[in-house]
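No lab work stands behind these numbers, since they all come straight from the coordinates. All of these numbers come straight from a predicted model, not from anything done at the bench. All Cβ positions, glycine included, derive from the backbone under ideal geometry; neighbour counts span all protein chains shown.
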Amino acid sequence: MSQLDAVFLQTAMDSKFDLSLFERLYNHFKPLEPSPIVLLDTQYRMNPDIAHFPSHYVYNSKLVNHRSVLYEYIVLCLIAMFVTV
């Protein structure tokens, strides 16, 4: 079972209400040179193993982990090694 698409009146579609705010902003600023649209490519919160999926499948492997996340991940791995031994 799939979700039904939203139903819009023609006047709403003419006013571009069928597009999200970010889609409208993107379309507005896309043609400008230099483009003010930038990819926020650093993530600060997710475990690197979890962050790998969106980085690979959504951001074409352009999402990177901040060093604070990597440091925390390494510390947790080291603690896990010593606790299980």
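Numbers below:
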{"quantity": "Per-residue HN-Hα couplings for region 26-35 [Karplus 6.51, -1.76, 1.60; θ = phi - 60°; Hz; x = Gly/Pro]", "calculated": "4, 5, 6, 8, 4, x, 5, 10, x, 5"}
{"quantity": "Rounded to 10°, Cα long-axis angle of helix 67-84 versus longest principal axis of the chain", "calculated": "40 degrees"}
{"quantity": "For the chain, size of Cβ-based charge dipole, Lys and Arg +1, Asp and Glu -1, in debye", "calculated": "220 debye"}
{"quantity": "Listed peptides 10-16, 65-71 by packing density, highest first (mean Cβ within 10 Å)", "calculated": "65-71, 10-16"}
{"quantity": "Local electrostatic count at TYR73 - Lys and Arg +1, Asp and Glu -1, tallied over other residues with Cβ under 14 Å", "calculated": "0"}
{"quantity": "Global geometry of region 25-66, whether rounded, prolate or oblate, following the gyration tensor of its Cα atoms and the 1.5 cut on a/c", "calculated": "prolate"}
